[in-house]
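See structure below.
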Amino acid sequence: LNESTQKFRLHQAGLEIAGEAENNLVVKAYKLLDERFNLPPVDIHLFKHIPSGAGLGGGSSDAAYMLKLLNEKFNLKLSDKNLEEYAARLGADCAFFIRNAPTYAEGIGNIFSPISLSLKGYQILIIKPDVFVSTREAFANIHPHHPEYSIKEAIKRPVNEWKEILINDFEDSVFPQHPVIGEIKAELYKQGAVYASMSGSGSSVYGLFEPEGTLPETDWGTNVFCFKGRL
């Protein structure tokens with residue numbers, strides 16, 4: 001790219017991304033480091049596969065990995081801690097994706113401690129209905145409480161015990177407003193999931209299935225994002 005014209009050019013593919021390029025988190029990540037390091041011009045190629053508004057951290061992880069890519073490409077010598085600090089300036093949950101490992105987050109999602117957790121071999125099914133959940137609305141209606149088991153305690157229990165002890169508090173505020181999300185969770189359990197939960201503030205729901213089991217072939221309807229994989 002010729003620096004005399006512009007510093008970056010964004011090429012988008014995959015799922016449609018609303019809004020101007022200037023507002024995309026990968027561009028904001030580039031600009032953030034460019035302010036500090038005066039980076040060379042770049043062509044940014046973004047393939048969007050994780051739907052927006054899914055509660056899966058698609059945009060946040062894009063931002064985190066853009067920072068990591070620039071750090072490596074231009075040998076900026078930023079530590080993971082430095083990268084987390086930059087990422088947190090882009091969004092509260094962006095820093096979570098820098099280390100790409102199971103992590104317990106506190107504060108506004110910027111205070112991290114490692115946890116021991118492996119779901120290796122389990123199968124996962126993620127369903128995102130054609131529903132948009134306002135994060136602002138989800139937070140406004142939430143009623144936090146102290147659970148019987150803390151998250152750190154709950155994840156030490158067998159996965160088939162998580163159903164009763166590992167609860168996403170957003171579900172109580174989101175399900176009444178968008179019943180289809182709760183129906184998907186119930187269907188995943190009906191189809192044999194050992195654990196199912198809404199992801200973040202929604203609208204995606206994921207189900208964990210035993211390693212040797214068979215994932216359901218349920219028709220989830222039109223305009224529904226469906227992902228199957230093995231962890």
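Cβ under 15 Å from C94's Cβ, C94 left aside: what net charge do those residues give with Lys, Arg +1 and Asp, Glu -1?
With Lys, Arg at +1 and Asp, Glu at -1, the neighbours total +1.
Any idea how far the Cα center of the range 74-88 sits from the one of the range 133-187, in Å?
32
Using only the C-alpha atoms of the range 57-104, find the volume of their convex hull and express it per residue in Å³.
Convex hull volume per residue, Cα atoms: 69 Å³.
With point charges of +1 on the Cβ of Lys and Arg and -1 on the Cβ of Asp and Glu, referenced to the Cα centre of the chain, which listed residue (A92, F74, A196) lies farthest in the positive direction of the dipole?
Among A92, F74, A196, the one farthest towards the positive end of the dipole of the chain is F74.
What does the extension gain come out to for L69 and A18, with contour length at 0.36 nm per residue minus their alpha carbon separation?
Net length gain for the segment: 16.0 nm.
For the range 83-128, compute Rh as the Kirkwood radius over C-alpha pairs and then the Stokes-Einstein diffusion coefficient at 4 °C and 1.567 mPa s; write the answer in µm²/s, rounded to an integer.
108
Once the convex hull of the C-alpha atoms of the range 70-170 is built, how many Å³ does it hold per residue, rounded to a whole number?
173
Mean shadow of the range 132-231, computed from the convex hull of its alpha carbons, in nm²?
One quarter of the hull surface, i.e. the mean projection, equals 7.0 nm².
What number comes out for accessible area per residue over the chain if the probe is 1.4 Å? Units Å², please.
58
Name the lysines eligible as straight-distance cross-link partners of K28: C-alpha to C-alpha under 28 Å, and not fewer than 8 places from it in the same chain.
K7, K48, K68, K73, K77, K81, K128
For the range 6-103, would you read off the P(r) tail past 18 Å as a percentage of all alpha carbon pairs?
The answer is 42 percent, as a whole percent.
Tell me, what % of the accessible area of the chain is carbon and sulfur with a 1.4 angstrom probe?
51
What does the C-alpha gyration tensor say about the overall shape of the chain? Classify as rounded when a/c is under 1.5, otherwise prolate if a/b is larger than b/c, or oblate.
prolate
Just flag the GluC sites (Glu not before Pro) in the range 169-231 sitting in loop per DSSP whose Cβ has no more than 12 other Cβ atoms within 10 Å.
Of the GluC sites (Glu not before Pro), the ones in loops of the range 169-231 whose Cβ has at most 12 other Cβ atoms within 10 Å are E212, E217.
Given a 1.4 Å probe and heavy atoms of the protein chains only, how would you sort D80, D169, largest accessible area at the top?
D80, D169
Quick test of the membrane-span-like rule: which DSSP H helices of the chain reach at least 30 Å along their long axis (C-alpha atoms) with mean Kyte hydropathy at least 1.0?
None clear 30 Å together with a mean of 1.0.
How large is the accessible surface of Y189 in square angstrom, using a 1.4 angstrom probe and rounding to the nearest 10?
Solvent-accessible area, nearest 10 Å²: 50 Å².
The values are calculated or read from the model by the stated rules, or taken from the named source; none is laboratory data. Because the structure is a prediction, the values reported are computed rather than measured. With ideal geometry, Cβ positions are generated from the backbone for all residues, glycine too; neighbour counts draw on all protein chains shown. Side chains are part of the model used for accessible areas, which takes the heavy atoms of the whole protein and leaves out ligands, DNA and RNA. Shrake-Rupley method; radii C 1.70, N 1.55, O 1.52, S 1.80 Å.
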